[in-house]
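What follows is a single structure, written as structure tokens, with notes after it.
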Amino acid sequence: MIATMKETVKRFGDTLALDNLNLNVFEGEILGLLGPNGAGKTTAIRVLCGLIDADSGSAVVLGETQSIKNLKARQNIGLVTQEITVFSDLTAAENLRYFGGLYGLRGAELQANVEEMLEFVGLSDRAKKRPGTFSGGMQRRLNIACALVHKPKLVIMDEPTVGIDPQSRNHILESVKEIAKNGTTVIYTTHYMEEVQAICDRILIMDLGRVIAEGTLDELVGRISHEDKVLLTAVQPSETLTAELKEIGGVKDVTVSGNEYTITSASDSGNVSRIMEITQRHGGVSAFSEQKPNLENVFLTLTGKCLRDKGEA
């Protein structure tokens, strides 16, 4: 076990950010941490990193009880923040040497790590350039390199791909997989479901300061696989059509937006033919598809919110 949080509570004034939070992080995994804004993800990360203290409960990282006074607990952690935290008046290599020096690296070891990290994030040819001349994606890659230069055992990445181009995003995702392949544990938060689905071994979903679901992608999707969804565009939408669709046996819900219908049925209810028969009697359909459950469906079912809902505390 790399890290644990047990019954962790953190308040900011009247706001309960962490509500007896329990989570485990296992060695060598890429753990996806999801939640709507205000779920407590960033607060949990700050407690794990020792940037703030919890009010009660515990956070143990690499065998050390975490707190703002415990420098030893932070020596083997790398933190990639949402914000770019490199120095614009230093070159890429100088930034890496600075951050490596903070962790006690010196001499040949420091230089070797700097060169290795520049190559790892694809910035070797920019070693003597200042970040102000970089694209947003290149700055984020340098940000990641600065968090890795001391070769930590645990890397926490808090939305590392915000606002960058697809090529840089793919580069970062491949880098994350490579980090884990080399034995480093990764906690990864993001607002992009497809990223979690692509790289994470296990997923935690947080809401209101606590974990409400956890498991592999297949395990989480399996929690709602008792439902099938049909999406169709009706040529002649009407209240009568909606009412008849709702009367089909096994149909749980019918939502309508303009001429677009979403029909949710019990799994294996065999309602597709009945849905098509009814809509054909009411003018037919111009588009039709069946939706398989995915991580976004799980998230919406469990939290009732979109991943980008407002309200971060």
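Just so it is clear, none of the values below were taken in a lab; they were calculated from the coordinates. Keep in mind that this is a model prediction, so the values were computed, not measured. Quick reminder, even Gly has a Cβ in these numbers, built from the backbone with ideal geometry, and neighbours come from all protein chains shown.
If each DSSP helix of 4+ residues adds -39,500 (n - 2.57) and the sum is divided by the residues in the chain, what number results at 222 nm, nearest 500 deg cm²/dmol?
-9500 deg cm²/dmol
Sticking with the crude label model, points 7 Å out along Cα→Cβ, report the distance from Leu300 to Glu115 in nm, one decimal please.
5.2
In nm, what is the difference between 0.36 nm times the number of residues separating Thr264 and Glu29 and their Cα-Cα distance?
Full extension of this stretch gives 81.1 nm more.
Give me the dipole magnitude in Debye, nearest 20, for segment 226-275 about the Cα centre, with unit charges on the beta carbon: positive for Lys and Arg, negative for Asp and Glu. Present the calculation step by step, with values, prior to reporting the outcome.
Working: 4 positive and 8 negative charges, 7 e Å.
Roughly 40 debye, rounded to the nearest 20.
Using a simple spin-label model with points 7 Å from Cα along the Cα→Cβ vector, what separation in nm is obtained for Lys6 and Ala198?
3.8
For segment 226-291, what log10 I(q)/I(0) values come out of the Debye formula at q = 0.19, 0.24 1/Å, with one point per alpha carbon and no solvent?
For segment 226-291 at q = 0.19, 0.24 Å⁻¹, log10 I(q)/I(0) is -0.60, -1.00.
Which of Phe134, Phe26 comes first, and how do the rest follow, when ranked by fewest Cβ neighbours within 10 Å?
Placing the least packed residue first, the sequence is Phe26, Phe134.
Give the order of Arg97, Arg281, Arg140, Arg11 when sorted by the count of other beta carbons within 10 angstrom, beginning with the fewest.
Listing Arg97, Arg281, Arg140, Arg11 from fewest to most nearby Cβ atoms yields Arg281, Arg11, Arg97, Arg140.
With a cut-off of 8 Å between alpha carbons and a minimum separation of six or more residues, what is the relative contact order of segment 3-221 in percent?
29
Which of rounded, prolate or oblate describes segment 119-174 when judged by the alpha-carbon gyration tensor and an a/c cut-off of 1.5? Please report the intermediate quantities before stating the final value.
Numbers: a/c = 1.75, a/b = 1.13, b/c = 1.54.
Taking the square roots of the gyration eigenvalues as a ≥ b ≥ c, segment 119-174 is oblate.
How compact is the chain by the rule of thumb for globular proteins, expressed as Cα Rg over 2.2 N^0.38 Å?
In units of the globular-protein estimate, the chain measures up at 1.21.
Round to the nearest 0.05 the FRET efficiency obtained for Ile224 and Thr81 when R0 = 25 Å and r is the Cβ-Cβ distance.
0.15
Going down the list Lys151/Lys177; Lys177/Lys305; Lys153/Lys181; Lys72/Lys153, which pairs span over 20 Å between their C-alpha atoms? Walk me through the numbers before you get to the answer.
Values: Lys151/Lys177 15 Å; Lys177/Lys305 29 Å; Lys153/Lys181 12 Å; Lys72/Lys153 13 Å.
The answer is Lys177/Lys305.
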